[in-house]
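First comes the structure, then the notes that go with it.
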Amino acid sequence: MTTRMTSTPGSNSLDERAAALDAANPLRHCRERFLLPEGIAYLDGNSLGALAAAVPAALEDAVRGQWGTGLIGSWFGADAAWWSLPQRLGDRVGELLGAAPGQTLAGDSTSVQIFNTLTAAARLRPQRPLVLTDARHFPTDAYVADSVGELLGLEIRRVTTHELPETLRRDGDRVAVVAFPAVDFATGERWDIPGLTAAAHEAGALVLWDLCHAVGALELELDAWNVDFAVGCTYKYLSGGPGSPAFVYAAQRHQEAMRQPLTGWNGHAEPFAMRADYEPAPGIGRARIGTPSVLALTALEAALSAFDGVDPATLRAQSLSLTGFFIECCDALLDGLGFEIVTPREPERRGSQVTLRHPDAAKLVPAAAERGVVGDKREPDLLRYGFNALYNTHGDALRAAGTLAELVKL
């Protein structure tokens, strides 16, 4: 990919362009749905989303009202219905995935969901001994894949996304599952979900997509793309809060055959019958494991209200506008200062994150945070800036690039 930096085109200053783009943003009203600290340009929503304004009151009610007053009756009460939270929120997240109801469930951590779902997917192809996973995958995905391989006696092979099509052509008849991220967590590069899904299916394999850096930022159509399984976290672009529950998507056509390694009482067909033998619940309910974290799910439910009335296509368009403008600002302000743009310039090839490379990244990121521009770093030399189209502005993008320029010139 190109890393060239050029002068800013056009006659308007970057300040004028940022102001004009922000004034024309159809989602600018959504910024009021978040409690952002005054004077902060928060560009780390790809690690932890900003606090949604609806969350504090929802948690207050859950603690003092539903728990404090409703007590145990809130599990099934009309005012709370804690028991239905995993499916209820699953369907709400499913709207952002392009998934029909009854295919998505919220609860447990991302690592647990990946382990359960990857194992279940591999068991659906018992005669195939090979799992393909991304050579640059997020560490937990790689660790979990190795555990699943040890548990089931499978070969876990790490290949890059660019190597995947050829690997499928050569060894596809041995591949059980292809487990890849939708967006590279380090570089922000977006992968071709429908194209790679089709290639895996042509080889007879199933796919499991990690959507942690995609949900709430990209237009997703899991049903239309014929995706088999997906897992994602909710604390990044969905702003569910630190450690908020992950979700699992299982296409309806696979649900009745799913056999997970972790089978808890919540996923039983008759959980309150307290039977000795496990019988999975029908449909996506079998993806439940243990007692859900009600307070965490309550916070997530409130946070998801920030997406009310938001069209996914508009969200994606604004995301591309923000990341594209940030790249433009970097070209204009960081030229000759030792920075390299790692994220693809082509809009269709990036998520909602722009990654820069600089030898002093480890010092620049905290120094910028002291000046009110919050991003993050990945050792040894990457600076990551995540843009949430619901609350970030083009002014934030310009400020981030300008701050880096000032710091390097000190």
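The values are calculated or read from the model by the stated rules, or taken from the named source; none is laboratory data. Source: prediction; values computed, not measured. All Cβ positions, even for glycine, are placed from backbone atoms using ideal geometry, and neighbour counts span all protein chains on display. Please note that ligands, DNA and RNA were not included when accessible areas were found on the heavy atoms of the full protein model with its side chains. Shrake-Rupley method; radii C 1.70, N 1.55, O 1.52, S 1.80 Å.
What pairs can you find where one residue is in segment 190-202 and in contact (Cβ under 8 Å) with a residue 12 or more places away in the chain and in a strand (DSSP E or B), the other is open to solvent by 50 Å² or more (accessible area, probe 1.4 Å) and not acidic (Asp, Glu), and their Cβ atoms are less than 8 Å apart, with a gap of 6+ or different chains?
Close Cβ pairs satisfying both conditions: 190/349.
Out of the residues in segment 217-264 that are over 29 Å from residue 392 (Cβ atoms) and in a strand (DSSP E or B), which is nearest to the chain's Cα centre (by Cα)?
Among residues in segment 217-264 that are over 29 Å from residue 392 (Cβ atoms) and in a strand (DSSP E or B), the one nearest to the chain's Cα centre (by Cα) is 229.
For residues that are farther than 15 Å from residue 242 by Cβ, surrounded by 24 or more Cβ atoms within 10 Å (Cβ to Cβ) and touching a helix residue (DSSP H, G or I) at 6+ places or on another chain (Cβ under 6 Å), tally how many sit in segment 285-302.
Here is the first cut: in segment 285-302, the residues farther than 15 Å from residue 242 by Cβ are 285-292, 294, 301.
Filter again for surrounded by 24 or more Cβ atoms within 10 Å (Cβ to Cβ), leaving 286-288.
Subsequent filtering for residues that are touching a helix residue (DSSP H, G or I) at 6+ places or on another chain (Cβ under 6 Å) retains 286, 288.
Total satisfying the criteria: 2.
Report, by residue number, each residue of segment 346-372 that is within 24 Å of residue 37 (Cα to Cα), open to solvent by 10 Å² or more (accessible area, probe 1.4 Å) and assigned to a loop (DSSP other than H, G, I, E, B).
Scanning segment 346-372 gives a single hit, 371.
Identify all residues within segment 103-139 that are open to solvent by 30 Å² or more (accessible area, probe 1.4 Å) and either in a loop (DSSP other than H, G, I, E, B) or in contact with a strand residue (DSSP E or B) (Cβ under 8 Å, 6 or more places away or on another chain) (or both); write none if there are none. Before you say what the answer is, go through the steps one by one.
First pass over segment 103-139, keeping only residues open to solvent by 30 Å² or more (accessible area, probe 1.4 Å): 108-109, 111-112, 115, 123-129, 135-136, 138-139.
Within segment 103-139, 108, 109, 124, 125, 126, 127, 128, 129, 135, 136, 138 qualify.
If we scan segment 374-383, do we find a residue that is of a type outside the set (Ser, Thr, Tyr), over 21 Å from residue 220 (Cα atoms) and either open to solvent by less than 10 Å² (accessible area, probe 1.4 Å) or part of a helix (DSSP H, G or I) (or both)? Steps first, answer last, please.
Of the residues in segment 374-383, the ones of a type outside the set (Ser, Thr, Tyr) are 374-383.
Filter once more, keeping what is over 21 Å from residue 220 (Cα atoms): 374-383.
If we keep only those that are either open to solvent by less than 10 Å² (accessible area, probe 1.4 Å) or part of a helix (DSSP H, G or I) (or both) too, we end up with 383.
Yes; the residues of segment 374-383 include at least one that is of a type outside the set (Ser, Thr, Tyr), over 21 Å from residue 220 (Cα atoms) and either open to solvent by less than 10 Å² (accessible area, probe 1.4 Å) or part of a helix (DSSP H, G or I) (or both).
If I go through segment 242-275 residue by residue, how many of them are in contact with a helix residue (DSSP H, G or I) (Cβ under 9 Å, 6 or more places away or on another chain), open to solvent by 20 Å² or more (accessible area, probe 1.4 Å) and under 17 Å from residue 46 (Cα atoms)?
Count: 1.
The rows are residues; the columns are (1) surrounded by 13 or more Cβ atoms within 10 Å (Cβ to Cβ); (2) out of contact with any Lys or Arg (no Cβ under 7 Å at 6 or more places or on another chain); (3) at pLDDT below 95.
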position	(1), (2), (3)
17	yes, yes, no
20	no, yes, no
28	yes, yes, no
32	no, yes, no
38	no, yes, no
45	yes, no, no
52	yes, no, no
55	yes, yes, no
58	yes, yes, no
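Please work out if residue 328 is part of a helix (DSSP H, G or I), open to solvent by 50 Å² or more (accessible area, probe 1.4 Å), under 30 Å from residue 364 (Cβ atoms) and not aromatic (Phe, Trp, Tyr). Talk me through it step by step, then tell me what you get.
Details: part of a helix (DSSP H, G or I): yes; open to solvent by 50 Å² or more (accessible area, probe 1.4 Å): no; under 30 Å from residue 364 (Cβ atoms): yes; not aromatic (Phe, Trp, Tyr): yes.
Considered against the rule, which asks whether it is part of a helix (DSSP H, G or I), open to solvent by 50 Å² or more (accessible area, probe 1.4 Å), under 30 Å from residue 364 (Cβ atoms) and not aromatic (Phe, Trp, Tyr), residue 328 comes out as no.
Consider residue 317 carefully, then state whether it is out of contact with any helix residue (DSSP H, G or I) (no Cβ under 8 Å at 6 or more places or on another chain), assigned to a helix (DSSP H, G or I), at pLDDT 95 or above and surrounded by 15 or more Cβ atoms within 10 Å (Cβ to Cβ). Give the derivation first.
Details: out of contact with any helix residue (DSSP H, G or I) (no Cβ under 8 Å at 6 or more places or on another chain): yes; assigned to a helix (DSSP H, G or I): yes; at pLDDT 95 or above: yes; surrounded by 15 or more Cβ atoms within 10 Å (Cβ to Cβ): yes.
In short, yes.
Could you figure out which of (1) under 30 Å from residue 58 (Cα atoms); (2) without any contact (Cβ under 8 Å) to a residue 24 or more places away in the chain isn't true of residue 307?
Here residue 307 meets the rest and fails (2).
Can residue 204 be described as open to solvent by 20 Å² or more (accessible area, probe 1.4 Å), among the small types (Gly, Ala, Ser) and within 23 Å of residue 254 (Cβ to Cβ)? Write out each step before concluding.
Numbers: open to solvent by 20 Å² or more (accessible area, probe 1.4 Å): yes; among the small types (Gly, Ala, Ser): yes; within 23 Å of residue 254 (Cβ to Cβ): yes.
Yes.
Search segment 317-341 for residues that are in contact (Cβ under 8 Å) with a residue 12 or more places away in the chain and pair each with any residue that is among the small types (Gly, Ala, Ser) and part of a loop (DSSP other than H, G, I, E, B) when their beta-carbon atoms are under 7 Å apart and the residues are at least 6 apart or on different chains.
318/389; 319/217; 319/352; 319/389; 322/389; 323/352; 332/7
Give 62, 142, 58, 100 a once-over and let me know the one that is farther than 23 Å from residue 299 by Cβ and part of a helix (DSSP H, G or I).
Values: 62 fails: farther than 23 Å from residue 299 by Cβ; 58 fails: farther than 23 Å from residue 299 by Cβ; 100 fails: part of a helix (DSSP H, G or I).
The unique qualifying residue is 142.
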